[in-house]
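All remarks here apply to the structure that follows.
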Amino acid sequence: MHFFSLSVAALLLSTASATPHHKRATTLIPKTVFDSTASFEQYFTYNYPWGGTTHNGGARMDKAHVSISPPGTLTLTAQPAKNQPPATHAGKQIPINYLSGAVGAKQHFTVPTGGGLLFSASVLATTTKGTWPAFWLTAVSGWPPEVDMAEWKGSGKISFNTFNTSSSAQTKDVAYPDPGAFHTVKCQLRDNGGGVVQVKYWLDGTEVTTHYGRDYVGKELYL
Ligand SMILES: *[C@@H]1O[C@H](CO)[C@@H](O)[C@H](O)[C@H]1NC(C)=O
């Protein structure tokens, strides 16, 4: 069994304010969101937020693989599974050999003109080969935008990616020490002018990289 455990919070950063040195922020997802199943279910749905239990990998998402345990932490568990029907993605059949867990925020997130979004999470992520835990944003309508605020592709590294098109993405893979411990990730998206969003990524409080996403301002995102 492989585990992905996390706690999260999200803020809406203010648009240009009358008092320049005073930053205003609105809480979109409170830090207490995983304190109980009731609180979790207020903010999140089971499986993928666009509906459905499969995507582009070899696992089917299953509510039974999602738990609030211990309180304050969401835990997703992956396990081998037999006799699963294949998934279909982009016209291709993908064999399903695992059951796993996914959750999506009920609300959609949008970088407003002049404003931004800030996501933070504390994560315990497996780096076992074949696993792909991820904490990410993707377009509600069409694609991209996609911002991979953190993903682990079973290589032992942690990856941060921002897509302009499927063939044009900024990617940054860095060492991921001590996968057996919780790490913090933070991602800030800010209107940078001209429809471009500046995306900054942090790992354990250290800024890792800055990317820019074209035509990201005003686009609704799933978490
Ligand atoms: C994506 O678009 C932004 C805005 O035009 C640009 O700054 C960035 O370099 C582009 N990324 C890639 C990988 O070309």
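Only the coordinates and a few stated rules stand behind these numbers; no lab work does. Owing to the predicted nature of the structure, the values given are computational and were not obtained by experimental measurement. Here the Cβ positions follow ideal geometry from the backbone for every residue, glycine too, while neighbour counts run over all protein chains shown.
Starting from the 7 Å offset along Cα-to-Cβ, what nm value, one decimal, do you get for the label separation of GLN107 and ASP215?
For GLN107 paired with ASP215, the spin-label model returns 2.7 nm.
To the nearest 20 debye, what is the magnitude of the charge dipole of region 124-201 about its Cα centre, counting +1 on the Cβ of each Lys and Arg and -1 on the Cβ of each Asp and Glu? Could you put the intermediate results ahead of the total?
Details: 7 positive and 6 negative charges, 23 e Å.
In debye, rounded to 20, region 124-201 gives about 120.
Based only on other Cβ atoms within 10 Å, what is the fewest-to-most ordering of PHE119, PHE135? If you can, show how the numbers build up before the last one.
On the way: PHE119 23, PHE135 20.
Exposure proxy ranking, most exposed first: PHE135, PHE119.
Only Cα pairs within less than 10 Å get springs; with that Gaussian network setup on the chain, which residue of ARG190, ARG24, ARG60 has the largest fluctuation?
Its mean-square fluctuation being the largest, the pick is ARG24.
Under Stokes-Einstein, with the Kirkwood radius over Cα pairs standing in for Rh, what whole-number D in µm²/s applies to region 1-90 at 25 °C and 0.890 mPa s? Please report the intermediate quantities before stating the final value.
Details: Rh = 15.7 Å.
In µm²/s, the coefficient is 156.
Whole-Hz Karplus ³J(HN,Hα) for region 148-157, in order, using 6.51 cos²θ - 1.76 cosθ + 1.60 and θ = phi - 60°, x for Gly and Pro?
My calculation for region 148-157 gives 8, 5, 5, 8, 10, 9, x, 9, x, 9 Hz in order.
Which length gain, in nm to one decimal place, applies between THR45 and PHE3 when the Cα-Cα distance is subtracted from 0.36 nm times their residue separation? Spell out each step's value before the answer.
Working: separation 42, 0.36 × 42 = 15.12 nm, distance 1.90 nm.
Full extension from THR45 to PHE3 adds 13.2 nm.
Work out the length of the dipole vector of the chain about its Cα centre, built from +1 on the beta-carbon of each Lys and Arg and -1 on the beta-carbon of each Asp and Glu, and round it to the nearest 20 debye.
Details: 17 positive and 13 negative charges, 29 e Å.
Dipole of the chain, to the nearest 20 debye: 140 debye.
Give me Rg over Rh for region 44-146, both radii from the alpha carbons and Rh done the Kirkwood way, two decimal places.
0.98
With bins 10 Å wide starting at 0, give me the P(r) of region 5-222 over every alpha carbon pair, in whole percents.
8, 32, 39, 18, 3, 0, 0
Test of understanding: ordering MET61, MET1 by Cβ neighbours within 10 Å, fewest first, what list do you get? Display every interim value, and only then the final one.
Details: MET61 23, MET1 8.
Placing the least packed residue first, the sequence is MET1, MET61.
R0 = 30 Å: FRET efficiency of LYS92 with ARG24, Cβ-based, nearest 0.05? Provide the component values of the computation, followed by the final result.
Values: r = 46 Å, r/R0 = 1.55.
According to the calculation, E is roughly 0.05.
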